[in-house]
Amino acid sequence: MTSRHILSVDDLDDVEVDSILATARATLEGCQPDLRSRFVVALAFFTSSLRTRVGFAVATARLGGSAVDVTEVRGGAEMSRGESVSDTLRTVGGMVDVLVVRTPESISALGKVTGVPCPVINAGDGSGEHPTQALIDLLAIEEECGPVDELRVGICGDLSMRAVRSLLKVMGRRPPAHLVLIAPAGRDEPGVALVGPLAGLVEQRDTGNFEGLDVLYLAGLPAGSGARAIPEQVRRGFSLNPDTAAVLPAHAVVLSPMPVVDEIAPELWADPRVRVFQQSDRGVAVRMACLERCLGGGDGR
Ligand code: CP
């Protein structure tokens, strides 16, 4: 085990990634987890979340534990004296078995979890990482399409987003056959160095051309403002719409970390290639496996 925390994909070695995916697969196939009693998980979400926050609450319940929502506490009178995020995390971390944290800025760079006595799971920190999302994405790719090393994977949208960074880190260790990065100018810099096995596999496209892909991962492309604003017509060109879907192979699978804002045109939601809800449906099983890992279990049963 490289770290008791899961702040980054880098905190998981290859054996742990395999174990988390195997445990999640077993859960999805109906295998009952070993229930643990009396463990408590704190959910400290300082920016909005649906899937990750509810997913960890449900994962905790399915493993037999209890979740405490610190988000409500911070928004209430208890925090009116302006206690810092670091002090909040250190205090709560001394009361629970696992702390799940989403912050608007980097967790690890600011030392926000220094001294926290329990394992911390990064539930998405600003433009940093989203490691559990990357594990869900990897599981979805493999379950929907087969071994990733046989696939042509396209990632479309703002390449600096945290979910993309974590996914690219995972793919640096499990390279696809070909990686296509699809983004407009100004959003085409991946937030991670594409070195090692990925370096020779990358093709960059500056138009929404989905030709030849087995997997299309729609990361999202916020409109932005000021110098970072992207015209709506340009944004539309990087969405799944009747024009771009026409060249996407019939066997391809469309995934997204969600929420989907307008990256999928309304008339394409019924397209059988769109598998974003099936992808998100795997989230609880992956988060159960991550909790088990942090609680000292997760044997890939
Ligand atoms: N993918 C994801 O992190 O979704 P939420 O923001 O709803 O948690």
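The values are calculated or read from the model by the stated rules, or taken from the named source; none is laboratory data. Quick caveat, the model's predicted, so the values are computed rather than measured. We place every Cβ from the backbone using ideal geometry, glycine too, and count neighbours over all the protein chains shown. Heavy atoms of the whole protein, side chains included, go into the accessibility calculation; ligands, DNA and RNA do not. Shrake-Rupley method; radii C 1.70, N 1.55, O 1.52, S 1.80 Å.
On the first, second and third principal axes, largest extent first, how far apart are the outermost C-alpha atoms of the chain in Å?
Computed over the chain, the largest-to-smallest principal extents equal 53, 47, 38 Å.
Report, to the nearest 10°, how far helix 162-173 tilts away from the longest principal axis of the Cα atoms in the chain, using its own Cα long axis and a range of 0 to 90°.
With both axes taken from Cα atoms, the answer is about 80 degrees.
Carbon and sulfur: what percent of region 176-242's accessible surface (1.4 Å probe)?
54 percent
Over the chain, what is the mean sequence separation of C-alpha contacts under 8 Å (at least six apart), divided by residue count, expressed as relative contact order in percent?
The value is 21 percent.
In 5 Å bins starting at zero, report the fraction of Cα pairs in region 206-301 per bin as a rounded %.
3, 12, 19, 19, 14, 11, 9, 7, 5, 2, 0
Calculated from DSSP H runs of 4 or more alone, at -39500 (n - 2.57) each and per residue, what is the 222 nm mean residue ellipticity of the chain, nearest 500? Kindly include the intermediate steps, with their values, before the conclusion.
Working: 10 runs with 97 residues, N = 301.
Helices in the chain give a 222 nm mean residue ellipticity of -9500 deg cm²/dmol.
Just to verify a number: FRET efficiency for M95 and C31, C-beta to C-beta distance, R0 = 41 Å, to 0.05?
0.85
Using R₀ = 25 Å, calculate the FRET efficiency as 1/(1 + (r/R₀)^6) where r is the Cβ-Cβ separation of D10 and D243; round to 0.05.
Approximately 0.05, to the nearest 0.05.
Where a ≥ b ≥ c are the square roots of the eigenvalues of the C-alpha gyration tensor, would you call region 121-245 rounded, which needs a/c under 1.5, or, failing that, prolate if a/b is larger than b/c, or oblate?
Working: a/c = 1.65, a/b = 1.23, b/c = 1.34.
Oblate, because a/c is 1.5 or more while a/b does not exceed b/c.
Going by the alpha-carbon gyration tensor, a ≥ b ≥ c the square roots of its eigenvalues, is region 141-193 rounded (a/c under 1.5) or, if a/c is not under 1.5, prolate (a/b greater than b/c) versus oblate?
Numbers: a/c = 2.24, a/b = 1.77, b/c = 1.27.
Prolate, because a/c is 1.5 or more and a/b exceeds b/c.
Amide H of D69 versus every other amide H placed in the peptide plane: which residues, excluding those fewer than 5 positions away on the same chain, fall under 5 Å?
Distant-sequence amide H within range of D69: L43.
If contacts are Cα pairs under 8 angstrom and at least 6 residues apart, what is the relative contact order of region 27-158 in percent?
22 percent
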